[in-house]
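Right, one structure below, let's go through it.
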Amino acid sequence: MKWSIFSLIALLLFTPGCESRTKKEELQKKEIALNKKEHDLLLREKSLQLKEQQLQQREKQIDSSPKVDTTNLYNPALIGRWSVKMTCTETTCTGSAVGDTKNEQWAISYQGKTIIAKVIVADKLVRIYTGFFTDNSVELMEDSERISSRMAPKMVVRLQIVNEKTLDGHREIVRDNNCKVLYALQLKKQD
């Protein structure tokens, strides 16, 4: 009996110690895991700070680099007389038909950085386009100062440089009733 009382007391004393030791070990493992996560987060934060500093340096370099204006460039190869062939490729307007062709002469010059294209048909000035050159393209609109009527059609010309003697593109005409005529353009330099 002595032995069973002693065993019982030892068992009671030993059991809570085991549980507390297990809990202590679990807490230590959790603490180690939390410390590792905290360390990983600190490393990520430092990495992000370095990347942010690099981005700020790049931004400063970009901001301090000289800006090049790519609009309204000057291209001397455009200056001169051009033979223009226009072929209607699309129309929703009466009086125009797909396949219709027109031939004109354009005298292209610059006024400052603005392109001036004078359209000549049968030795008579019929229209003036103004516009600009950017990268490898030309965009022209009919000169609004010469248009006397509100009902005048809106004309936009877009050209791409093929080489120094050839331009290709299209002319879009939008009339007052919102019908459109689209012409394919081929320009050949005469000079």
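With respect to the cross-link table entries 113/180; 102/154; 30/51; 124/154; 24/46; 37/60, which display a Cα-Cα separation exceeding 23 Å?
Numbers: 113/180 30 Å; 102/154 18 Å; 30/51 31 Å; 124/154 21 Å; 24/46 33 Å; 37/60 35 Å.
Long pairs (Cα-Cα over 23 Å): 113/180; 30/51; 24/46; 37/60.
Please list, in chain and number order, the residues 5+ apart from residue 143 or on another chain whose amide H is under 5 Å from its amide H, with Hs placed from the backbone.
Amide H to amide H, under 5 Å and 5 or more residues apart or across chains, residue 143 pairs with 128, 129, 130.
Taking 0.36 nm per residue of sequence separation and subtracting the Cα-Cα distance, how much length would be gained by fully extending the chain between residue 38 and residue 107, in nm to one decimal? Mind showing how you got there, number by number?
Details: separation 69, 0.36 × 69 = 24.84 nm, distance 7.36 nm.
Difference between extended and current length: 17.5 nm.
Considering the options 108, 152, 134, tell which one lies farthest towards the positive end of the dipole of the range 76-189, charges being +1 on Lys and Arg and -1 on Asp and Glu at the Cβ, about the Cα centre.
Ranked along the dipole, the leading option is 108.
Could you give me the ³J(HN,Hα) list for the range 122-133, computed from phi with Karplus coefficients 6.51, -1.76, 1.60 and θ = phi - 60°, whole Hz, x at Gly and Pro?
6, 6, 10, 6, 10, 6, 10, 9, 10, x, 8, 10
So if we plug the beta-carbon distance of residue 190 and residue 62 into 1/(1 + (r/R0)^6) with R0 = 41 Å, what FRET efficiency do we get, rounded to 0.05? Intermediate values should be presented prior to the final figure.
Values: r = 44 Å, r/R0 = 1.08.
Calculated transfer efficiency: 0.40.
Going by how many other Cβ atoms sit within 10 Å of their own, how do 142, 25 line up, fewest first? Don't skip to the end; give the middle numbers.
Values: 142 22, 25 10.
Fewest-to-most ranking of 142, 25: 25, 142.
Run the quick spin-label model on residue 139 and residue 27: label points 7 Å from Cα toward the beta carbon, then report their separation in nm to one decimal.
It is 7.2 nm.
Here, each number is a calculation from the coordinates, and none is a lab measurement. All figures in this text were calculated on a predicted structure; none of them were measured in a lab. In this analysis, Cβ positions are derived from the backbone assuming ideal geometry, glycine residues included, and neighbour counts consider all displayed protein chains.
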